[in-house]
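Asks: Structure incoming, see below.
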Amino acid sequence: MSLFECGGMRLDHEVIRFSPGKSCDQVDCGDKCGCVYNDKLYKFGETFEEGCQQCTCTPAGSVDCVCQNLGKRKEIRDLTQKERKDYATAVRKLYESGQWDFYVNLHSEYFPHANGGPASLPWHRYFLKLVER
């Protein structure tokens, strides 16, 4: 990759030093070797947590993150009797507190954008995360 190509890349990290034809381990960049993520420097191979994610500074100078706490949601027909009762109790509490109306209004406000288009699935995933908090 040329310096021009490197400069034109959209990156979520900072490129510390560019040396044509050399890999990161062949370049002496002193104390600034590693990855910069959210204005913090991490050494190559160093791992850190960012939200639910476990992130690693790669030898290429990029940060790879993987979410460790993936939420699992059961199909409603697969819930046990106790799980159904707990779900109904939680929804009732939302309704009684007035928060249910907030979610109903939010869904109604974004209905044209959130249903039937390419954003439908990600929008509803995010919406459910909000409701489940």
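Asks: Report the extension gain between PHE127 and ARG77 in nm, rounded to one decimal, defined as 0.36 nm multiplied by the number of residues separating them, less their alpha carbon distance. Intermediate values should be presented prior to the final figure.
Replies: On the way: separation 50, 0.36 × 50 = 18.00 nm, distance 2.09 nm.
Using 0.36 nm per residue and subtracting the Cα-Cα distance, I get 15.9 nm.
Asks: Using each residue's phi in region 34-46, evaluate 6.51 cos²θ - 1.76 cosθ + 1.60 at θ = phi - 60° and report the 3J(HN,Hα) Karplus result to the nearest Hz, with x for Gly and Pro.
Replies: x, 10, 9, 9, 6, 6, 10, 8, 10, 6, 4, x, 6
Asks: Order of THR47, THR80 from fewest to most other C-beta atoms within 10 Å? Could you put the intermediate results ahead of the total?
Replies: Working: THR47 12, THR80 9.
Placing the least packed residue first, the sequence is THR80, THR47.
Asks: Hey, rough spin-label estimate for LYS40 and THR56, points 7 angstrom out along Cα→Cβ, what's it come to in nanometres?
Replies: In this crude label model, LYS40 to THR56 measures out at 1.9 nm.
Asks: Once the piece of chain linking PHE102 and SER120 is laid out straight, how much longer is it, given 0.36 nm per residue of separation minus the C-alpha distance between them? Write out the running numbers ahead of the final one.
Replies: On the way: separation 18, 0.36 × 18 = 6.48 nm, distance 1.93 nm.
Using 0.36 nm per residue and subtracting the Cα-Cα distance, I get 4.5 nm.
Asks: HN-Hα J couplings of region 103-116 from phi, Karplus 6.51/-1.76/1.60, θ = phi - 60°, integer Hz, Gly and Pro as x?
Replies: For region 103-116, the Karplus curve yields 5, 4, 5, 4, 5, 5, 5, 9, 3, x, 8, 8, 10, x Hz.
Asks: Which far-off residues, 5 or more places away or on another chain, put their amide H under 5 Å from the one on TYR37, with H placed in the peptide plane?
Replies: TYR42
Only the coordinates and a few stated rules stand behind these numbers; no lab work does. Just so we're clear, the structure is a prediction, and the values are computed from it rather than from any experiment. Every residue, glycine as well, gets a Cβ built from its backbone with ideal geometry; the counts of neighbours run over all protein chains shown.
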